[in-house]
Amino acid sequence: MNTNENKMPKKSLLSAQIDLSKFEKATDEEKAQQDVMSESTTFFRDGMKRLFRNPLAVMSIALLGVILVLIIVAPMIIPYGYEEIIKVDGKRDRGAQNLAPFEYSELEQQYMEKTGEKLFPHILGTDELCRDYFVRVIYGTRVSLTIGLFASIIVLIIGLIYGSISGYLGGKADLVMMRIVDIIYSLPDMLIIILLSVVLNERLVFKPGTLLANLGTNMISIFIVFGLLYWVSMARLIRGQILSIKENEYVLAARSIGAKPARIIRKHIIPNCLSVIIISVALQIPSAIFTESYLSFVGLGVKAPMPSLGSLANAARDGIMSYPHKLIFPAIMICVIVLSLNLLGDGLRDAFDPKLKR
Amino acid sequence: MSDILLEVKDLKQHFPIRTGFFKKTPLKAVDGVSFTIGKGETLGLVGESGCGKTTVGRSILRLYEPTAGQVFFDGEEVTGHNIQAMRKKMQMVFQDPYSSLDPRMTVEDIIGEPLDVHNLYSNKKERREKILELMNYVGLNSEHATRYAHEFSGGQRQRIGIARALAVDPQFIVCDEPVSALDVSIQAQVINMFEELQEKLGVAYLFIAHDLLVVHHISKRIAVMYLGKIVELADADELNENPLHPYTQSLLSAVPIPDPDIARSRQRIVLEGDVPSPLHMPSGCPFRTRCQYATEQCALECPTLTDRGNGHLSACFNR
Ligand SMILES: Nc1ncnc2c1ncn2[C@@H]1O[C@H](COP(=O)(O)OP(=O)(O)OP(=O)(O)O)[C@@H](O)[C@H]1O
Ligand code: SF4
Ligand SMILES: [Mg+2]
């Protein structure tokens, strides 16, 4: 060190010259430390790490988490059922109709004064059939989210399989498969949905007590409608992706290494269209929720008394002047879910696209 | 001759191209190519863009199913059955360093993929050591192992591609214009690296380029291609000093010469017209539409590649 310092030209007080004595030579050990590879991560873990650095995505995950906890926990705590007309002391409370949020009916007030016991408040009031509205909104969210999720999964599975086969095979098979898609695509979907749900509603009868019966005929017919109609755009999207990815030289390179088709699809093609798949699934859920709302709106959605956000909004139309909150709450719920899912989809796409890595 | 590593016999690769509503015409990308490459040797392959160089390389590795012809590696014919084993011995470095690396993979996984496919390690630690060694070979910093390929410059990407090709310890590598997408200064580095690797590992190269200077620098022998055929094949120096085929002469006349005296004395041959489309090949000699020596015979027959002494092969009637 000393010899180094001696060689240094004299440093003037004001000069910006770097003081070399502050820069010690790295020892071999330190150099070796630099050489050690940083922790290797998988593509998935890396993407997740980036996702959690995105404030909007984290916010929407948190919001969706809160909604999820709410729809699971709330029905356990609240002593009212979604189809249950409010009873006070075992008697039907006819006065509990269209209550405002946190309002008690006369009977309830009398009961509370008499016994001193505190009844659970109607957080969002009640509807015109004297049912607790909060519980109905919670159940409606449950139903809508379930429909959105399952419908998207059905669409994803059918579209992914169909699209990747068509795209990977190419040639004549692709031609035929895509014409079928075109035909389905050209059908007027709303008309088909309405016809299908009418027919299915009559035909689908399940033994009471089974899982399918619990789900309800309408919900199942909605799934079938989605499965039959909405996979086409997913299939098209995935086929297009695979066609363009297949042309890349890295797929050829993988073949020249000796990788088998299954490995090529798994390791090269799927990861490269993953972001597109993720975002379209995330966007499929709100679109399914919308479709379900629409169907409920025209009376073909889930059957009463089972609520969904769409049918709640539809029912609230009648008294919109007197009880606007009954439209506002399901509408807010739809907005929050759709917005969070869209933001989450965006965040996922950014996180899993290494070209946007920072 | 036991030191022959690769022998290509009359290789043909025709792509059916839709030319009408029902009609399909074969596009003769490679049309009867034969050559041999010795162990640890480099054969240069030059030619204009679109003459079928890449297709030759890919057909040898059976990335395309060849229309006709045979490829022998170390005396054994390469077929669809033994190709998996052959891919441990023959590898390829691709033309475009940008699209030949999967953007979703880290450098470590790209280089490690051949190891994964052929089960060339027993545990994670060994895999990593091998990858580090390979990165070291091609002059990549080991810190970069967990980065994604798009974060690298063209030259570094090409090094990644080379490391991937070296991973299975091949005896033969097709280098498909590995430097033409790179800056001139980096070209030199990468070419020197290819030479060093050859000295160290004894691999043979089929070195494809469209630049005669580059090929002359690295190759022992050079083959010149035109429209899917080899028109001349000779030792690098011999070809440079004594080109026989008119096409090679015109190519050489376009190469800049540093010595002004020689440059002045040399006659510049400027080719007229465009390369004919491989869909509509001229009859007879493929070069006749642009050849200044063309005679009637050239339109009728196709000249074959014949020895003009000293292993200097040329396909021309008049030269
Ligand atoms: N898969 C394919 N299908 C149809 N035609 C092809 C295919 N691959 C190559 N060709 C055609 O074959 C001919 C030779 O192409 P090739 O890529 O081998 O040329 P090249 O000599 O490598 O050119 P470059 O110097 O531009 O890389 C071209 O006319 C090309 O259009
Ligand atoms: S064979 Fe005829 S046309 Fe072909 S290169 Fe020779 S002279 Fe020219
Ligand atoms: Mg090429």
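Within segment B:20-60, the residues that satisfy the criterion of being at pLDDT 90 or above, more than 14 Å from ligand 1 (Cβ to nearest atom) and not β-branched (Val, Ile, Thr) are B:GLY32, B:SER34, B:PHE35, B:GLY38, B:LYS39, B:GLY40, B:GLU41, B:LEU43.
Within segment B:76-94, restricting attention to residues that are touching a residue at least 40 places away in the same chain (Cβ under 8 Å) and open to solvent by 60 Å² or more (accessible area, probe 1.4 Å), which residue is nearest to the other protein chains (Cβ to nearest Cβ)? So the residue we want is B:LYS88.
Only helices (runs of 4 or more DSSP H) whose full extent lies in segment B:211-277 are considered here, and the ones with at least 2 residues that are out of contact with any Lys or Arg (no Cβ under 9 Å at 6 or more places or on another chain) and at pLDDT below 90 are B:212-218, B:236-241, B:260-265. For segment A:304-325, indicate whether the set of residues that are part of a helix (DSSP H, G or I), away from chain B (no Cβ under 14 Å) and of a type in the set (Phe, Trp, Tyr) is non-empty. No: zero hits. Taken over segment B:155-181, the criterion of being farther than 15 Å from B:GLU108 by Cβ, of a type in the set (Gly, Ala, Ser) and either within 16 Å of ligand 3 (Cβ to nearest atom) or in contact (Cβ under 8 Å) with a residue 60 or more places away in the chain (or both) is satisfied by B:ALA165, B:SER180, B:ALA181. Scanning segment B:12-62 for residues that are free of Cβ contacts under 8 Å to residues at least 12 places away in the same chain and either within 14 Å of chain A (Cβ to nearest Cβ) or within 16 Å of ligand 3 (Cβ to nearest atom) (or both) yields B:PRO16, B:ARG18, B:LYS24.
Among the residues making up segment A:86-131, those that are of a type in the set (S, T, N, Q) and surrounded by 20 or more Cβ atoms within 10 Å (Cβ to Cβ) are A:SER105, A:THR126.
Within segment B:75-90, the only residue that satisfies the criterion of being small (Gly, Ala, Ser) and assigned to a helix (DSSP H, G or I) is B:ALA85.
For segment B:273-319, taking the residues that are at positive phi and surrounded by 11 or more Cβ atoms within 10 Å (Cβ to Cβ), the one that is nearest to ligand 1 (Cβ to nearest atom) is identified as B:GLY284.
Within segment B:230-249, residues that are away from chain A (no Cβ under 14 Å) and open to solvent by 30 Å² or more (accessible area, probe 1.4 Å) reach partners that are within 16 Å of ligand 2 (Cβ to nearest atom) and in a helix (DSSP H, G or I) with beta carbons closer than 9 Å, at six or more positions or on different chains, in the pairs B:ASN240/B:LEU252. Pick out the one residue from B:LEU182, B:LEU201 that is at pLDDT 90 or above and away from chain A (no Cβ under 12 Å). Sole residue among the options that is at pLDDT 90 or above and away from chain A (no Cβ under 12 Å): B:LEU201.
Quick grid of which residues meet (1) open to solvent by 10 Å² or more (accessible area, probe 1.4 Å); (2) within 8 Å of chain A (Cβ to nearest Cβ); (3) not in a loop (DSSP other than H, G, I, E, B):
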residue: B:ASP96; (1), (2), (3): yes, yes, no
residue: B:GLU113; (1), (2), (3): no, yes, yes
residue: B:ASP116; (1), (2), (3): yes, no, yes
residue: B:ASN119; (1), (2), (3): yes, no, no
residue: B:LEU134; (1), (2), (3): yes, no, yes
residue: B:ALA145; (1), (2), (3): no, yes, yes
residue: B:HIS150; (1), (2), (3): yes, yes, yes
residue: B:GLN156; (1), (2), (3): yes, no, yes
residue: B:ILE162; (1), (2), (3): no, no, yes
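The values are calculated or read from the model by the stated rules, or taken from the named source; none is laboratory data. In this text, all values refer to a predicted model and were calculated from it rather than measured experimentally. Using ideal geometry, Cβ is built from the backbone for each residue, glycine included, and neighbour counts are taken over all protein chains shown. The area values use the complete protein model at the heavy-atom level, side chains included, leaving out ligands, DNA and RNA. Shrake-Rupley method; radii C 1.70, N 1.55, O 1.52, S 1.80 Å.
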